[in-house]
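Below you'll find the structure, written out as structure tokens, and then a few comments.
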Amino acid sequence: MIYMDAASTAPPRQEVLDLITPLLTSNFGNPASLHELGHQARRANDWARNQVAGHLGVEESEIYFTSGGTESDNTVVIGGALANPRGRVIVSSAIEHPAVLEACAYLVRVHGFIHKLIPVDEFGIVDLQVAKELIDDQVSVVSVIAVNNEVGTIQPIKELAELAHSAGALMHTDAVQAAGWLDLAELTAHVDALSLSGHKIGALKGSGVLYVSKRCEVLPLLHGGGQQGGMRSGTENPAASVGIARALQLCAEQRQIGAGDGYGEYLIERITKELGKIAPGLVQVTGHREQRIGGIVSLVFPRTAGETVLIELERRGVLCSSGSACAAGSTDPSPVLTAMGYDEQLAHTAVRLSFTRAAKENEISQVASAVVATVKALVA
């Protein structure tokens with residue numbers, strides 16, 4: 001089997017498991033305890049915070065460890081809006097992750113906020129002109145995903161941050177899918193808050209990071225023992241924190257040597273070229289061809305029905321998905337693709353091939369062959 005669903009969850013890296021195993025077995029102390037096991041746990045947590053801050057190019061005091069991307073997104077969207085309600089308006093793109101969209105829906109439902117959506121074009125890129133019209137001095141928070149989790153499109157975060165800051169709003173980006181492919185310090189140079197998830201980059205499920213600039217006020221989502229400066233109460237988890245720090249190290253090392261660069265374009269070129277020889281219009285690439293990360297390839301197949309391509313690919317040994325894994329078993333077409341202008345029938349045929357920089361060249365080639373063979377068989 002070849003795993004092509006890293007955007008849903010990436011396999012844990014062995015280097016991460018080797019580093020955190022002692023923290024789950026012998027060095028299992030509570031970082032708040034005053035005995036030696038507690039001190040060991042605290043030192044591990046401090047090391048992790050230092051490493052994450054370094055990778056993001058921010059101060060250690062601006063880093064908070066969470067249970068994942070969803071908690072990080074909820075904390076900053078809800079906590080940022082309530083800390084600075086202004087005109088009770090929040091702005092996001094139309095293709096945000098559900099963690100952001102549902103946090104906005106909560107603010108609308110419970111606190112009377114207005115949620116405004118920035119539309120996207122057929123490539124999934126936000127309309128900056130509309131964004132400029134929507135982001136005014138009534139807006140509390142602007143939240144736009146750095147890299148879309150379904151089609152891999154990279155958003156113009158710098159330009160959006162300039163609009164948000166000129167209006168006095170907090171600018172947040174969900175960088176969960178960006179972490180393995182982009183330099184995160186280039187994002188934190190512009191935004192006020194950023195979310196990460198460990199299990200998308202080879203660390204543990206249930207681990208995440210929230211960066212919040214010291215310039216901004218964000219109210220905590222969780223209340224309790226006051227850990228992490230009161231921003232995120234609850235017993236700290238050194239294994240999770242160390243794991244995500246080590247995973248970020250590995251991502252940076254692989255990015256520097258260009259590991260995996262070109263694999264996405266190879267898949268697109270080979271699949272479209274070989275299917276084009278069979279018949280025109282068998283496949284369409286969704287998302288932007290250039291303004292995208294290399295680890296997500298999203299395709300739709302006009303002459304197939306529903307999820308038949310997905311099912312047949314698994315039979316041929318390729319595990320992939322149709323889109324977001326956080327839609328809780330929904331059978332509805334992708335809201336990302338429909339927001340980009342695709343009709344529901346075509347959106348139902350979507351296949352997302354996603355992988356980390358640790359992907360192997362021979363596996364990528366096998367996946368391309370499997371996709372071509374699958375579609376050829378289905379349209380014969």
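None of the figures in this text is laboratory data; all of them are computed from the coordinates on show. Because the structure is predicted, anything quoted here is derived from the model rather than measured. Quick reminder, even Gly has a Cβ in these numbers, built from the backbone with ideal geometry, and neighbours come from all protein chains shown.
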Would you mind putting 11-19, 241-249, 151-159 in packing order, based on average other-beta-carbon counts within 10 Å, highest first? 241-249, 151-159, 11-19
Measure nothing but the geometry: give the 0 to 90° angle between the long axis through the Cα atoms of 14-24 and the longest principal axis through the Cα atoms of the chain, rounded to 10°. 30 degrees
Proximal charge balance of T304 [Cβ under 13 Å; K/R count +1, D/E count -1]: 0
Among all lysine pairs in the chain that are eight or more places apart or on different chains, how many have alpha carbons less than 28 angstrom apart? 16
Rank the residues S195, S26 as a footprinting-exposure proxy: fewest other Cβ atoms within 10 Å of their Cβ go first. S26, S195
Mean-position separation - Cα centroids, the range 234-248 and the range 1-34, in angstrom: 8 Å
With no solvent and one point on each alpha carbon, what is the Debye value of log10 I(q)/I(0) for the chain at q = 0.06, 0.13, 0.15 Å⁻¹? -0.23, -1.04, -1.30
What's the local net charge at K116, with K and R +1, D and E -1, over the other residues with C-beta under 15 Å away? -2
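Using DSSP to call loops (not H, G, I, E or B), can you name the GluC sites (Glu not before Pro) in the range 285-380 whose Cβ has at most 11 other Cβ atoms within 10 angstrom? Walk me through the numbers on the way to the answer.
Numbers: sites: E290, E307, E312, E314, E344, E361, E363; in loops: E290, E307.
Answer in residue order: E290.
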Under a point-charge model restricted to the Cβ atoms of Lys and Arg (+1) and Asp and Glu (-1), what is the dipole moment magnitude of the chain relative to its Cα centre, in debye to the nearest 20? 500 debye
Ranked by Cβ crowding within 10 angstrom, fewest neighbours first, how are K273, K200, K376 ordered? K273, K376, K200
Relative to the first principal axis of the alpha-carbon coordinates of the chain, what is the inclination of helix 238-256, with its axis defined by its Cα atoms, in degrees from 0 to 90 and to the nearest 10? 50 degrees
Cα-based Rg/(2.2 N^0.38 Å) for the range 81-178, rounded to two decimals, is 0.98
Go ahead and set up a Gaussian network model of the chain, Cα springs under 10 Å, then flag whichever of S140, S365, S322 fluctuates most. S365
Dipole moment magnitude, nearest 20 debye, the range 246-359 about Cα centre, only Lys, Arg, Asp, Glu C-beta charged: 300 debye
Say the dipole of the chain comes from +1 at the beta carbon of Lys and Arg and -1 at that of Asp and Glu; which of S93, T286, V309 then lies farthest toward its positive end? V309
In the neighbourhood of R13 defined by beta carbon distances under 15 Å, the net charge of the other residues (Lys, Arg +1; Asp, Glu -1) is +3
What number, rounded to the nearest 500 deg cm²/dmol, is the helix-based mean residue ellipticity at 222 nm of the chain, given -39500 (n - 2.57) per DSSP H run of at least four residues and division by all its residues? -12500 deg cm²/dmol
So for the range 282-367, taking the charge dipole from beta-carbon charges (+1 Lys/Arg, -1 Asp/Glu), which of N362, M340, V300 sits furthest toward the positive end? N362
